[in-house]
1. Taking the mean number of other Cβ atoms within 10 Å as a proxy for protection, how do you rank 151-157, 92-98 from highest to lowest?
2. In sequence order, what are the phi-derived ³J(HN,Hα) couplings for segment 110-127 according to the Karplus relation 6.51 cos²θ - 1.76 cosθ + 1.60 with θ = phi - 60°, rounded to whole Hz, with x for glycine and proline?
3. HN-Hα J couplings of segment 39-55 from phi, Karplus 6.51/-1.76/1.60, θ = phi - 60°, integer Hz, Gly and Pro as x?
4. Considering amide H positions built from the backbone, and no H for Pro or chain starts, which residues 5 or more places from Trp63, or on another chain, come under 5 Å of its amide H?
5. Amide H to amide H under 5 Å from Ile133: which residues, 5+ apart in sequence or cross-chain, H placed 1.01 Å off N in plane?
6. Leu78 versus Thr17, label points 7 Å from Cα toward the beta carbon: distance in nm?
7. Could you tell me what percent of the DSSP beta bridges with both partners in segment 37-161 are antiparallel, to the nearest 5?
8. Per-residue counts of other Cβ atoms within 10 Å, averaged by peptide: what ranking do you get for 38-49, 59-70, 100-111, highest first?
Amino acid sequence: MQSETPQPAADPDRPRTLAQRLLTRLLHVYFRFARGVTFGVRGVVLNDRGEVFLIRHTYVPGWHFPGGGVEVGETAELSLERELSEEAGIAPTERPVLHGLFFNRRISRRDHVAVYVLRRFRVERVKKPDREIAEAGFFPLDRLPNGTTPATRRRLAEIISGQPPAIEW
């Protein structure tokens, strides 16, 4: 029985050939259409007074956690930081903790959401209504505003009780 000579591993420091770069690019384009997903983030911002920060959009009903889509070339945490600044006027003072990844079938068959919990932050400005955000503010966990979405309530229940996160939004 002949033994095969092991092939050397690809050298990560060696520049890729034009053919390798083109193949990689082609595969990325293919997967974008064949397996394309949308990926968003939401931030559960909890203060030490037992309150959670929620927003109400101008274009969709209900109260939600602040968040939005992850842009190309952006990490999920950087996206969360950007969305918290834009939608809430809040800046993290420590890294948020990932609560879970959720399939959001109600939005589309391609949508996924990463939910982070943030307990250390600073309020840089009071969020005033604009084209996107109709209302925003901190609400006591035991007195959430009418219209708080079922998914928002489920995520809060998981976080407060320490339950494992569901797999769907």
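1. Values: 151-157: 17.4, 92-98: 14.1.
Packing proxy ranking, top to bottom: 151-157, 92-98.
2. Ordered by residue, 3J(HN,Hα) equals 10, 8, 10, 10, 9, 10, 10, 10, 10, 10, 10, 6, 10, 8, 7, 6, 7, 6 Hz.
3. Calculated HN-Hα couplings, in order: 9, x, 10, 9, x, 8, 9, 10, 9, 7, 9, x, 10, 10, 8, 10, 10 Hz.
4. Thr148, Thr149
5. Amide H to amide H, under 5 Å and 5 or more residues apart or across chains, Ile133 pairs with Thr58.
6. That separation, rounded to one decimal, is 3.2 nm.
7. On the way: 22 of 31 bridges.
For segment 37-161, the DSSP antiparallel bridge percentage is about 70.
8. On the way: 38-49: 18.8, 59-70: 17.2, 100-111: 13.7.
So the peptides 38-49, 59-70, 100-111, ranked by packing, come out 38-49, 59-70, 100-111.
Every number in this text was worked out from the coordinates using simple rules, so none of it is lab data. Since the model is a prediction, treat every value here as computed from it, not as a measurement. Cβ atoms come from the backbone with ideal geometry, glycine included; neighbour counts cover every protein chain shown.
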